[in-house]
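Participant: Sharing a structure with you now.
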Amino acid sequence: MEGQGGEAGEGGEAPKEEKKKEEEIECPDVDVGLMDKCDFIRAWVRKSLKAWEKELADLPDEEKKMAKTKAAVAAHRQVRRDVRPLQKRLRMYVLQESLLEKIYPIVKNADEREYRVAAESYLDLTIGKAAWPVGIGCGGSMLMEDAIDLHDRFNRMANVKDNAVALNDEVTRKFVQALKRLMNCAQKYWPPSDPSKMA
């Protein structure tokens, strides 16, 4: 009987240990700055989506039946669908830090109505800042010596960090493109005071 009581006690203690482990897993140590950035991006995305949705809902019924409006509604639905994985990663604070550091300036500048700077940040995210070799894919002819020289240049540029590689993931590529669409819509709803700040 004591053996059974001991087994019951062990059985009762094991779930407590598992609960402690689960609690530790559920509460990751998250930097406050990271949380602020994630929350700021989520709020801006939500605000932009709501403004776009309100514009579409406020259209007269005759306009809603037009092909142009149906295409706009479809684009809105696609952006909402494509941006969900970003919102989920931001809500859970698990977005890659390199990606967050590129997306945050885009959203911050768009929120400050600095759309030209935001567009430059978007280009930095999508194509990166790595040097582009001249002569490849231009349709021009290349000599073998030039091709060998290009390989040397590639090796020398190996230390240049290019974050455009992050967009190889289909889900990431879609939500980055959705951010660009939202930025374009934001220009329409919250235009800058200076027209030179438009993208």
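The values are calculated or read from the model by the stated rules, or taken from the named source; none is laboratory data. Remember, it's a predicted structure, so these values are computed and weren't measured experimentally. As a convention, Cβ positions derive from the backbone with ideal geometry for all residues, glycine included, and neighbour counts pool all protein chains shown.
Participant: Just need a number here: residues in segment 94-120 that are among the hydrophobic types (A, V, I, L, M, F, W, C), crowded, with 18+ Cβ neighbours inside 10 Å and not in a helix (DSSP H, G or I).
Facilitator: Counting residues in segment 94-120 that are among the hydrophobic types (A, V, I, L, M, F, W, C), crowded, with 18+ Cβ neighbours inside 10 Å and not in a helix (DSSP H, G or I) gives 1.
Participant: Check ALA75 against each of (1) closer than 26 Å to ALA118 by Cβ; (2) out of contact with any Lys or Arg (no Cβ under 8 Å at 6 or more places or on another chain); (3) not basic (Lys, Arg) and name the one condition it does not meet.
Facilitator: The single condition ALA75 does not satisfy is (2).
Participant: Report every pair of residues separated by at least 6 positions or lying on different chains whose Cβ atoms are under 8 Å apart, first residue within segment 34-62 and surrounded by fewer than 18 Cβ atoms within 10 Å (Cβ to Cβ), second acidic (Asp, Glu).
Facilitator: LEU34/GLU97; PHE40/ASP111
Participant: Among the residues of segment 121-129, are any crowded, with 18+ Cβ neighbours inside 10 Å, among the aliphatic types (A, V, I, L, M), at pLDDT below 95 and within 17 Å of VAL176 (Cα to Cα)?
Facilitator: Within segment 121-129, one or more residues are crowded, with 18+ Cβ neighbours inside 10 Å, among the aliphatic types (A, V, I, L, M), at pLDDT below 95 and within 17 Å of VAL176 (Cα to Cα).
Participant: So which helices (runs of 4 or more DSSP H) stay within segment 1-93 end to end and still have 3 or more residues that are modelled with pLDDT of 90 or more?
Facilitator: 32-57, 67-91
Participant: Cβ-Cβ below 9 Å, separation at least six or inter-chain, first residue in segment 171-199 and within 14 Å of ILE106 (Cα to Cα) and free of Cβ contacts under 8 Å to residues at least 24 places away in the same chain, second surrounded by 14 or more Cβ atoms within 10 Å (Cβ to Cβ) and of a type in the set (A, V, I, L, M, F, W, C): which pairs?
Facilitator: Hits for this filter: ASN184/ALA199.
Participant: Please work out which one of (1) out of contact with any helix residue (DSSP H, G or I) (no Cβ under 7 Å at 6 or more places or on another chain); (2) at pLDDT below 90; (3) not in a loop (DSSP other than H, G, I, E, B); (4) not β-branched (Val, Ile, Thr) is the condition MET142 fails and give its number.
Facilitator: (3)
Participant: Just need a number here: residues in segment 150-183 that are modelled with pLDDT of 80 or more and surrounded by fewer than 14 Cβ atoms within 10 Å (Cβ to Cβ).
Facilitator: Total meeting the criteria: 2.
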